[in-house]
């Protein structure tokens, strides 16, 4: 009987040690995955992006209202980025959330959930455009997705805009394409559902686009300064929340200028 008890105790210890070892390996693998994503995006920024003072572009003062004042535009090496991955279509810079990443567009909305901007697999995924949209941001509503990572990277910091004070201080975000630097003014921030109007990309009638603008504006947590109209071109930023798998934190910005 004593031998049997010892044998059982040995089995319990072996199982416990195996479980701890497995957990440690998973934790180490997760750490390595996070480190890989962080290092990859830091290397991309170091290799292909420069931040230099530039003159404020000449735009209609009534439309601009200081959109570029105090902002240092980026110099993006799109030739180098496209050599790294031809599906890089843009770069997004959001000063209020300290977000600055390449934007990808694949053949579906799944691939870049699990692939970094250099095309390798990684849990960070990429910031990517909905595959239904035109890559030149000419659609009435262009949708960009990004993970809400636990390490604060990708689109995790978008929820800083849940605070009105952040939006008041940093009401603009910037999108760079190979042809233009485009300024967007935020007009709505809120937590919404995955099937909401925010994810509309086709507007068969003028009225449907106006309804989209009205609904997204009404959904905002606070009244932002920007007021879109039927001539607006919108970019929608979307990331997951910790509330529900069916909810997203959403920001809408309207195009103000380009150069």
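The values are calculated or read from the model by the stated rules, or taken from the named source; none is laboratory data. Predicted model, so just to flag it, every value in this text is computed and none were measured. A quick note on method: Cβ atoms are made from the backbone with ideal geometry, for glycine too, and the neighbour counts reach across all protein chains shown.
Answer yes if at least one residue in region 201-213 is closer than 12 Å to residue 142 by Cα, surrounded by 12 or more Cβ atoms within 10 Å (Cβ to Cβ) and under 21 Å from the mean Cα position of the chain (by Cα), and no otherwise. Among the residues of region 201-213, at least one is closer than 12 Å to residue 142 by Cα, surrounded by 12 or more Cβ atoms within 10 Å (Cβ to Cβ) and under 21 Å from the mean Cα position of the chain (by Cα), which makes the answer yes.
Restricting attention to region 218-238, the residues that are modelled with pLDDT under 95 and more than 18 Å from residue 206 (Cα to Cα) total 4. One residue stands out in region 172-198 among those that are more than 17 Å from residue 242 (Cβ to Cβ) and free of Cβ contacts under 8 Å to residues at least 60 places away in the same chain: the one that is surrounded by the most Cβ atoms within 10 Å (Cβ to Cβ), namely 198. When residue 142 is tested against (1) in contact (Cβ under 8 Å) with a residue 60 or more places away in the chain; (2) assigned to a strand (DSSP E or B); (3) in contact with a helix residue (DSSP H, G or I) (Cβ under 7 Å, 6 or more places away or on another chain), exactly one condition is not met: (3).
Residues that are closer than 20 Å to residue 126 by Cα, out of contact with any strand residue (DSSP E or B) (no Cβ under 7 Å at 6 or more places or on another chain) and exposed (fewer than 14 other Cβ atoms within 10 Å of the Cβ) occur in region 234-247; there is at least one. Scan region 248-257 and give yes if some residue there is assigned to a strand (DSSP E or B), touching a strand residue (DSSP E or B) at 6+ places or on another chain (Cβ under 8 Å) and over 30 Å from residue 149 (Cβ atoms), otherwise no. Within region 248-257 (the criterion being assigned to a strand (DSSP E or B), touching a strand residue (DSSP E or B) at 6+ places or on another chain (Cβ under 8 Å) and over 30 Å from residue 149 (Cβ atoms)), the answer is yes, since at least one residue qualifies. Within region 63-96, the set of residues being part of a loop (DSSP other than H, G, I, E, B) and either modelled with pLDDT under 90 or in contact with a strand residue (DSSP E or B) (Cβ under 9 Å, 6 or more places away or on another chain) (or both) comprises 65, 66, 67, 68, 69, 70, 71, 72, 73, 77, 85, 87.
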